[in-house]
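S.K.: There's a structure below that I have some questions on.
We did not get these values from a lab; they are worked out from the coordinates using the rules stated. Keep in mind the model is a prediction, meaning the values are calculated, not measured. Here the Cβ is made from the backbone with ideal geometry for all residues, glycine too, and neighbour counts use every protein chain on show.
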Amino acid sequence: MRSIELVLSPASDAAVRAAWDELIADGLPSLGRHVSESNAPHVTLTAGQDLVCPVGFDAPVPTVLRVGGVLLFPAGTERSVLVRAVVLDPALAAFHAAVHRAAPGGVDTALPGSWSPHLTLARRVRDVDLPRAVVALRRAPLPDVLEVGGVRFWDGETGTVTPLG
């Protein structure tokens, strides 16, 4: 799989990692358990097997992301992906559309009109553990606004990350 992602400034990245760490401290699933160098808090703009690394975008990269509430996506029987929503404001919507013009071919759930922008905190959290996960996240609340640090192209086949403009 390949993807184009917004990554965060160092301070905003640290805030999300603190939430990951609180989940770990309670013995819960967390993206903080993935030790790959390419593992960083991010918002996926598009993803697909055949995506090509774009040379540029015809809209500016947003400078901030407004954080919404806790959301759950299904992840199998009695398990959920735990995320924080990202508000789809006009700047983010315009850049998201520009990404799709520059790199068509993403999965249907990433297309404009079908996309739910979010920051993933943990995958495959057992439903019975969700109350504990919420308590853990309250110990490291995310700020209302996160700063964008850049855009990257991630290639899961090669494990490489290419920073984009």
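S.K.: Viscosity 1.567 mPa s, temperature 4 °C: Stokes-Einstein D of the chain from its Kirkwood Cα radius, in µm² per second?
M.R.: 80
S.K.: What area, in nm² and to one decimal, does the C-alpha convex hull of region 1-80 cast on average over all directions?
M.R.: Orientation-averaged projected area of the Cα hull: 7.4 nm².
S.K.: Next up: What Rg and what Dmax come out for region 50-104 when only alpha-carbon atoms are used, in angstroms?
M.R.: 14.7, 42
S.K.: How many angstrom lie between the Cα centre of region 97-132 and the Cα centre of region 6-56?
M.R.: 12
S.K.: Quick one: net charge of residue 59's neighbours, Cβ under 14 Å, K/R +1, D/E -1?
M.R.: Charge balance near residue 59 sits at -1.
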